[in-house]
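Remarks on the structure that follows.
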Amino acid sequence: VEGLFSDAARDLRLVNGNAYFDIARDERRPLSVDAGRVRVRVLGTRFDIRKRTGQVSVAVEHGHVRVMADAAARDLRAGERIVSDAALPLGEVGTFDADRVFSWRTGRLSFVDAPLRDIVADMNQYSDLPVRLAPGAPAEMRLTLSFPVGQIGQVLAGLDAAYPLDVRESDTEIVIFASR
């Protein structure tokens, strides 16, 4: 997260990853978070932004925010979430499981029917070695997992044993291949 705070505004830019904000209400200085195509404007609230390659999601824990992408805008209230991707600048407003969405804040990663590419992206926020998908790896394979961030190595070993994946670790990286 990069930012600029002044007497008139609070402007941040989320480059990649997750960010959780607990913002004090200040109508004179609204907070704006730029996450690429998506921009969030708030006066005071608690919310989460998750930015991945090609996708941004915003989930509101308390208060409300305005989410804008291209010419579209949606207001979200506590308990609501929206996803933006290349196909749909602002998707439908829906509800979410707060325990799962905010689990990363307590050192746990939780996924329900998530593509392997998203799981790998989140692992990279915590892994000592970069984890990457080799060309041809099943990036869209959908998995349901929950684990402490300190057990990434064990989770990868379990994926290697239970799924058609070949996980190889070197001194510099961990690469996931499709099994042959």
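Restricting attention to the stretch 126-151, the residues that are of a type in the set (S, T, N, Q) and in contact (Cβ under 8 Å) with a residue 40 or more places away in the chain add up to 2.
Note on the stretch 106-118: residues that are crowded, with 18+ Cβ neighbours inside 10 Å and over 13 Å from the mean Cα position of the chain (by Cα) amount to 1.
When the residues of the stretch 4-54 are filtered to those that are open to solvent by 60 Å² or more (accessible area, probe 1.4 Å) and under 13 Å from the mean Cα position of the chain (by Cα), the one that is nearest to residue 83 (Cα to Cα) is 53.
Within the stretch 56-74, the presence of a residue that is in contact with a His (Cβ under 7 Å, 6 or more places away or on another chain), of a type in the set (A, V, I, L, M, F, W, C), in a strand (DSSP E or B) and crowded, with 17+ Cβ neighbours inside 10 Å is excluded. Looking only at residues of the stretch 124-145 that are open to solvent by 60 Å² or more (accessible area, probe 1.4 Å) and in a strand (DSSP E or B), we find that the one that is nearest to residue 17 (Cα to Cα) is 132.
Remark: pairs (first residue in the stretch 69-92, over 17 Å from residue 33 (Cβ atoms) and touching a residue at least 60 places away in the same chain (Cβ under 8 Å); second residue open to solvent by 80 Å² or more (accessible area, probe 1.4 Å) and in a strand (DSSP E or B); Cβ separation under 9 Å; 6+ apart in sequence or on different chains) are absent. On the basis of being open to solvent by less than 40 Å² (accessible area, probe 1.4 Å), closer than 25 Å to residue 49 by Cβ, among the aliphatic types (A, V, I, L, M) and in a helix (DSSP H, G or I), does residue 121 make the cut? For residue 121, the condition - open to solvent by less than 40 Å² (accessible area, probe 1.4 Å), closer than 25 Å to residue 49 by Cβ, among the aliphatic types (A, V, I, L, M) and in a helix (DSSP H, G or I) - is met.
Determine if the stretch 16-36 includes at least one residue that is among the aromatic types (Phe, Trp, Tyr), in a loop (DSSP other than H, G, I, E, B) and out of contact with any Pro (no Cβ under 6 Å at 6 or more places or on another chain). There is no residue in the stretch 16-36 that is among the aromatic types (Phe, Trp, Tyr), in a loop (DSSP other than H, G, I, E, B) and out of contact with any Pro (no Cβ under 6 Å at 6 or more places or on another chain). Among the residues of the stretch 88-105, just one is surrounded by 16 or more Cβ atoms within 10 Å (Cβ to Cβ), aliphatic (A, V, I, L, M) and assigned to a helix (DSSP H, G or I), namely 101.
The values are calculated or read from the model by the stated rules, or taken from the named source; none is laboratory data. From a predicted model like this one, the values you see are computed outputs, not experimental measurements. Methodologically, a virtual Cβ is constructed for each residue, glycine included, from the backbone with ideal geometry; neighbour enumeration extends over all protein chains shown. Accessible surface is based on the protein model in full, side chains and every heavy atom, while ligands, DNA and RNA are left aside. Shrake-Rupley method; radii C 1.70, N 1.55, O 1.52, S 1.80 Å.
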